[in-house]
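**Q** Below is the structure I would like to discuss, written out as structure tokens.
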Amino acid sequence: MNVPLYIAKRYLFAKKSHNVINIISIISLIGVATGVSALVIVLSVFNGFDSLIKKMYSSFDAEIKVKLVEGKTFSPHSPEIEKLKKLKGVAVYVEVLEENALFRYRERQHIGMIKGVSRNYTDLTGVDSMIIDGKFQLWRGSQPLAIMGQGVSYYLNANLAQFDPLTIYVPKRGKITSLSPENAFVKMGIMPSGVFAIEQEFDSQYVILPIEFARTLLEYKDEVTSIELKAEKGVEIERFQKIVEETLGNKYRVLNRYQQNETLFRTMKSEKLAIGLILSLILVIASFNIIGSLSMLIIDKRNDVDTLRSMGADNELIQKIFLAEGMLISMGGTIVGTLFGLLICWLQIAFGLVKLQGNGNFIIDSYPVDIHPLDISIILIIVIAIGYLAARFPVRIITKRILNDDNRGNL
């Protein structure tokens, strides 16, 4: 039998010992449980938003994007790119041509970006599943069509039912000799066929076009600004990225989805870390209750210490008893807090109890939640470590002082 643990449980749970000190111990347990449940819930919500944003961006960003290190456009018929087309593991290969442009619809104007893409673009991303008006159609026979972002459509007050063309203006290439603004731009009209809604950053900027139309508008022959790739199923993206880098050499940048939006994902990770540290600090403050309750318990049980010593208990055994008491409070609070936090997360996932506040159309109605076992494990390790340190301090200091006083009294 584990004597220190048995006596510690008696001190904490025995019915005859429900005095003020035990009540304080229960309050300490509740404080730890509250902090742990807050950590579990908040970090799970952050994970939910992180998963949601990754899902949204995966509808627009390719798994792998190839760009030049220096320069803007390159030929897709260069030897390196030809090797890339035949590379094992490439499931979808899409040529992309992007450029800033001025959009005009009737009397309204908006500055954004055109994205010319190959006909197999829907095999690369899930933009076609994010259509909120019309349909994703880049060609109607031999007629090119455009897909507008929701923000672009809003700023232009565009209505697909009006059958009006979208006029696109881009600066002419080369040296401009005319002083007339009209002669400084190339303009072409194209009929919109659909409106997509992914995320405000994309929706308010992009208009997706056939790459053939974009090349004619921009006065290019076969140039592209990037190549977007999708790996075959079962291929690890990090390994696939390294293979692409080795194939293309130092002239090209090969970016995964995280690197394409590095600032956003880095900011989200920093926010999650900051919130975790703040809540951990709250747990440290809550652990002072453990220090206080243990200190009072050690003083209150001084007669029991004398009895145990007379029965042959050494100083190490006595310290283990009170250390076990502190760990019981910490572990009990951790288990209760974790279970309560997981229960709240499950209720939010199942029923969406807490709704998003504010006016406007949201992608989701309630706060997203995604439980990561790794986060739960880290929380348990942190709380147990804090609880151990909080229990260790009063046990070492106060019991030593009491035992030394008793030794001097015996002398």
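**Q** Determine whether the range 204-221 contains at least one residue that is closer than 23 Å to VAL96 by Cβ, acidic (Asp, Glu) and in the same structural domain as SER129 (by TED's automatic domain parsing).
**A** yes
**Q** For the range 291-326, which residues satisfy the criterion of being among the acidic types (Asp, Glu), over 18 Å from ILE21 (Cα atoms) and crowded, with 20+ Cβ neighbours inside 10 Å?
**A** Result: no residue meets the conditions.
**Q** Could you please find all residues in the range 243-269 being exposed (fewer than 12 other Cβ atoms within 10 Å of the Cβ) and among the hydroxyl-bearing types (Ser, Thr, Tyr)?
**A** Within the range 243-269, THR263, THR267 qualify.
**Q** Out of the range 228-285, which residues are at pLDDT 90 or above and among the aromatic types (Phe, Trp, Tyr)?
**A** Once the filter is applied, which keeps residues that are at pLDDT 90 or above and among the aromatic types (Phe, Trp, Tyr), the range 228-285 yields PHE240, TYR252, TYR258.
**Q** Further question on the same structure: Among what's in the range 221-238 and is in a loop (DSSP other than H, G, I, E, B) and touching a Lys or Arg at 6+ places or on another chain (Cβ under 8 Å), pick the residue that is surrounded by the most Cβ atoms within 10 Å (Cβ to Cβ).
**A** Per the stated criteria, the residue is THR225.
**Q** Something else: May I ask you to verify whether ILE211 is under 29 Å from TRP139 (Cα atoms), modelled with pLDDT of 95 or more, more than 37 Å from the chain's Cα centre (by Cα) and surrounded by 12 or more Cβ atoms within 10 Å (Cβ to Cβ)?
**A** In short, no.
**Q** Of the numbered conditions (1) under 29 Å from LYS269 (Cα atoms); (2) assigned by TED's automatic domain parsing to the domain that holds GLN150; (3) surrounded by 17 or more Cβ atoms within 10 Å (Cβ to Cβ), TYR121 fails exactly one; give the number of that condition.
**A** (1) is the only condition that TYR121 fails.
**Q** Within the range 100-122, track down each residue that is over 26 Å from LYS72 (Cβ atoms) and touching a residue at least 24 places away in the same chain (Cβ under 8 Å).
**A** TYR105, ARG106, ARG108
**Q** Only residues that are of a type in the set (Val, Ile, Thr), assigned to a helix (DSSP H, G or I) and over 29 Å from MET268 (Cβ atoms): list them for the range 20-73, please.
**A** The answer is VAL20, ILE21, ILE23, ILE24, ILE26, ILE27, ILE30.
**Q** Give ASN183, ASN100 a once-over and let me know the one that is assigned to a helix (DSSP H, G or I) and out of contact with any His (no Cβ under 8 Å at 6 or more places or on another chain).
**A** Matching residue, one of ASN183, ASN100: ASN183.
**Q** Any residue that is of a type outside the set (Ser, Thr, Tyr), in contact with a helix residue (DSSP H, G or I) (Cβ under 9 Å, 6 or more places away or on another chain) and farther than 27 Å from THR399 by Cα - is there at least one of those in the range 287-297?
**A** Within the range 287-297, none of the residues are of a type outside the set (Ser, Thr, Tyr), in contact with a helix residue (DSSP H, G or I) (Cβ under 9 Å, 6 or more places away or on another chain) and farther than 27 Å from THR399 by Cα.
**Q** Can you give me the number of residues within the range 354-382 that are of a type in the set (A, V, I, L, M) and in contact with a Leu (Cβ under 6 Å, 6 or more places away or on another chain)?
**A** Final tally of qualifying residues: 1.
**Q** Looking at the range 251-272, I want the residues that are within 21 Å of GLY48 (Cβ to Cβ) and have a partner that is acidic (Asp, Glu) with Cβ atoms under 6 Å, at least 6 apart or on another chain. Which pairs are those?
**A** ARG257/ASP61; MET268/ASP50
**Q** All but one of (1) over 38 Å from the mean Cα position of the chain (by Cα); (2) buried (at least 17 other Cβ atoms within 10 Å of the Cβ) hold for ILE376; which doesn't?
**A** Of everything listed in (1) over 38 Å from the mean Cα position of the chain (by Cα); (2) buried (at least 17 other Cβ atoms within 10 Å of the Cβ), ILE376 misses just condition (1).
**Q** Still on this structure, please answer the following. Please note which helices (runs of 4 or more DSSP H) are completely contained in the range 239-355 and include at least 3 residues that are within 30 Å of LEU68 (Cβ to Cβ).
**A** Result: 257-260, 262-300.
The values are calculated or read from the model by the stated rules, or taken from the named source; none is laboratory data. Everything quoted here is computed from the prediction, not taken from an experiment. When we count neighbours, we look across all protein chains shown, and the Cβ atoms used for this are built from the backbone with ideal geometry, even at glycine.
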